[in-house]
Amino acid sequence: PIKIAQISSETREGMPNFADFVEELGSEEEESDKANRVPVSSTCTPSVASAPRARGQPLTQEVITFSTNANRGNLSQEAFNQKLTHLQIQNKRIGPDLEGLRLVPAVYVLYAYDNLIVSLSGIQNLRRLQQLYLQNNRITSMAGLEGLSLLQKLHLGHNRLARIDSLESCTQLEELMVPHQQPPVEAPLQFCPTSIAAISSTLNVLNTAGNRLEDLQELTPLRLSTLDLSENKIRQVGELKEVISGDVLRRVTLQGNPFAFHDRRYRSAVVLCSTAIEEIDGREVLPQERDFVRRLDEQKRKLNAQRKKHLNRAATDGRPRNLGAMPEKGSGRQLKPAEGESWGLQDWKF
């Protein structure tokens, strides 16, 4: 090999300058990048558009063909596409949209998670779609789902949604998974009242964990069997009452909220509100626990009623009464009745 030091000065003068060569190469790559750049959707916010984004490949016939194990046989390509009902295009770096779905209109189960999808444009071609898995993408809007009246399962976790909407026609939806959204502007995830009303009679499972929720008023029309509200910003257990009350809810996840750190007894409050609850934060609610919590609540109600009754008597006849001191936690002391009166303590025993 020839060493650089051995190159004569005359030969070196005829060679291009290395810095100029790097600069020229960089300009060529920049021009190529501009030519191949995917245009940013007009629905994206400026902060999203300005962020660096890896390029996605369009959903082509070739991608579809290599994503299925179905035997084509003697069918033409068009006839084969019409026959496809399940399409697995996950982790194919597909993006920024799904326009290629027009080639396979008969698909009713679509796995498209772990891609680079920004827009749902093209999803409207799947009128028979029943199950849609789109978690771990870059989706910023649910526009395109309006016509999917047969949709039953919708998974959109770990995307960039700021609002849950476009579900007015999804009147058969049973499962909605939208945890851990990261919109361009950090704010609590919003739920469109019209969409919630449309799916309220059929939705059984909702996962909205890690979405900075503080107010649950938008979710009150729902009657769910499984609800995940973990890792939000709900401060008090009382704010859950309208959402978790009733005889339908079976499983609820609440860990990671402020009240879960400040009030260890929130589990008892959930048991009292949800008469059919079977599992809280992954722990089974045993019949003994449910019975104990209800009887303890009944005891507290009786104590409060007795105290109120004696306060009313004292206010009526003007004579002070010995109401006894409320026992301190862990003191072992019991509330005593006034002299000559019985409070029926035998009724309070467990």
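Every read-out reported here was derived from the displayed coordinates using simple, explicitly stated rules and does not represent laboratory data. Computed from a prediction, not measured in an experiment: that's the story for all the values here. So basically every Cβ, Gly included, is an ideal-geometry build from the backbone, and we count neighbours across all protein chains shown.
Residue by residue through the range 242-251, what is 3J(HN,Hα) from phi via Karplus (6.51 cos²θ - 1.76 cosθ + 1.60, θ = phi - 60°)? Round to whole Hz and write x for glycine and proline.
5, 8, 9, 6, x, 10, 10, 5, 10, 9
Amide H of I277: which non-local residues (sequence gap of 5 or more, or other chain) have their own amide H closer than 5 Å, using H built in the peptide plane?
Placed amide hydrogens put nothing under 5 Å from I277.
Once you've got the Cα coordinates, tell me which of K83/K153; K153/K233; K241/K308; K92/K233 are over 32 Å apart.
Check vs 32 Å cut-off fails for K92/K233.
Can you give me the Kirkwood hydrodynamic radius for the range 229-312, using every pair of distinct Cα atoms, in Å to one decimal?
After inverting the pairwise mean of 1/r, the radius is 13.8 Å.
Is the shape of the range 44-199 best called rounded, prolate or oblate, per the rule: a/c under 1.5 gives rounded, else a/b larger than b/c gives prolate, else oblate, with a ≥ b ≥ c the square roots of the Cα gyration tensor eigenvalues?
Oblate, since a/c reaches 1.5 and b/c is not below a/b.
Local charge sum around R102 (other residues, Cβ-Cβ under 14 Å, Lys/Arg +1, Asp/Glu -1)?
That works out to -1.
Return, for the Cα atoms of the range 124-246, the radius of gyration and Dmax in Å, separated by a comma.
13.7, 44
Near the amide H of I164, under 5 Å away, which other amide H atoms are found, from residues 5 or more places off or on another chain, if H is placed in the peptide plane?
Counting only residues 5 or more places away or on other chains, the set is Q190, F191, C192.
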